[in-house]
1. Tally up the residues in the range 269-312 that are in contact with a Ser or Thr (Cβ under 7 Å, 6 or more places away or on another chain) and either part of a helix (DSSP H, G or I) or in the same structural domain as Glu184 (by TED's automatic domain parsing) (or both), please.
2. What number of residues within the range 123-167 satisfy the criterion of being charged (D, E, K, R), farther than 25 Å from Met1 by Cα and in contact with a Leu (Cβ under 8 Å, 6 or more places away or on another chain)?
3. Just checking: which of the helices (runs of 4 or more DSSP H) contained wholly in the range 1-106 hold 3 or more residues that are touching a strand residue (DSSP E or B) at 6+ places or on another chain (Cβ under 6 Å)?
4. Any idea which residue in the range 346-384 is modelled with the highest pLDDT, counting only those that are over 21 Å from Ala311 (Cα atoms) and outside any helix (DSSP H, G or I)?
5. Anything in the range 306-329 that is in contact with a Gly (Cβ under 9 Å, 6 or more places away or on another chain) and either surrounded by fewer than 21 Cβ atoms within 10 Å (Cβ to Cβ) or under 16 Å from Leu358 (Cβ atoms) (or both)? List them, or say none.
6. Can you confirm whether Leu160 is modelled with pLDDT of 95 or more and closer than 19 Å to Tyr275 by Cα?
7. Is it fair to say Arg342 is in contact with a Phe, Trp or Tyr (Cβ under 8 Å, 6 or more places away or on another chain) and either part of a loop (DSSP other than H, G, I, E, B) or modelled with pLDDT under 75 (or both)?
8. Determine if the range 243-261 includes at least one residue that is in the same structural domain as Leu15 (by TED's automatic domain parsing), aromatic (Phe, Trp, Tyr) and closer than 30 Å to Ile29 by Cβ.
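The values are calculated or read from the model by the stated rules, or taken from the named source; none is laboratory data. Fair warning: this is a prediction, and the values are worked out from it, not measured in the lab. Note: ideal-geometry Cβ built from the backbone for every residue, glycine included; neighbour counts use all protein chains shown.
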Amino acid sequence: MRDIAIVGGGPAGSLCGERLASQGFHVTIFDERLAWEKPCGGGLTHKAIQAYPFLLDAPQPKKIVRTAELISGGGHRARFDMSHPIVIYARKVLNGLLLDRAVAAGCTAVRSRVTNVETDGPQVRLTAAGEEFCSDFVVLAAGARNQLLPETTALGKLDLELTLGYFIPTEEDIIKVKFLREFEGYIWSFPRADHLSVGICAKMGQSSSQQLRRYLDDFVRAEKIPMEGARLYSHVLPSPSEHTIQRRRIAGANWAMAGDAAACVDPITGEGLFYALKSGDLLSQALIEGQPQAYPERLRAAFSADLEFAARFARKLFCGNFLGGAITTRMVQLLNYSPAFRDLIRDVFSGSQDYRSLKRRLWDQLGITFVEILHSVMSTPIASPSPHPAGGRDPLP
């Protein structure tokens, strides 16, 4: 299998193509837009930078952010410095960087939309712009809703989320995440090099786009974000269920999926860039070694099993209660009271804390957290929740 067709020139497809072309494979990348802007945060966590350091060293404009703030549905706030900064690109810039690297390695980039893929013959046949192309193997990395491969099931409503947001021409130096009451999703504000990406995500069918926009506009007003020149966007992204991660077929004899097409996204945080890059990387390694059938198991060993675990308790995290209040509210309050809990959240943000060992870590440090809370409550005057606290901690009712 030396002739590889890749449908989709985003992070998964481009990195997979670069790796294969550098090893002498003949690779053609098909994408109807090539480098394009995508409505999402665009954040690369520490684990992504560790795995692919060129993303930090590249000269393209980026924002390096070291501070984050979490906001509960009731207005409680917790600001903290991250143990490792998050690197944020505009997606058009990041996609262009990765695609340029693929072309420099020897890939051919074709600006065309693939409308049909047939994998039942001796070679894969693709139709793009009325022309037919043949390859030995096809990589589908063209997004969550692509249905080109008949040998696998399309992602359903339970595996998708709707995003709505604004690109706002203003500058900021802090990541903000706000949770809403009984809402499986969140609002974000991610600073980029020359604008903010402010958006909201929610499970498909949970809220109408009109309701999401009202939530988002309320957030923008509360945070006093200037809206002059803002551009509205909307997009559908994967948010896979446990069953989908565990059982959906993502590879066959002469085809495989990567990135959003394979639902390689964290069901809790929505992080997708690291998983897209890693899936494309793992697939290229399997092809280079002549073992494409090993790809699904390698993906599971690398991260799919952890994402499956996350999908199991995502709804409980967003909509559940603990000690008489929302879990997300208690989480924000604990950040202010417990340095040990703050360290845990820092590790979650950086990607160094996996979900499968998270419960054990919470139990192991429960005593320390309790002592820290008790000490804070006894030594700090109780303050009322404030939308913009000047200092002090929120009470733990």
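1. Count: 3.
2. Matching residues across the range 123-167 total 2.
3. Here the list reads 11-21.
4. Only one residue tops the list, namely Gln365.
5. Matches in the range 306-329: Phe313, Phe318, Gly325, Ile327, Thr328.
6. no
7. In short, no.
8. yes
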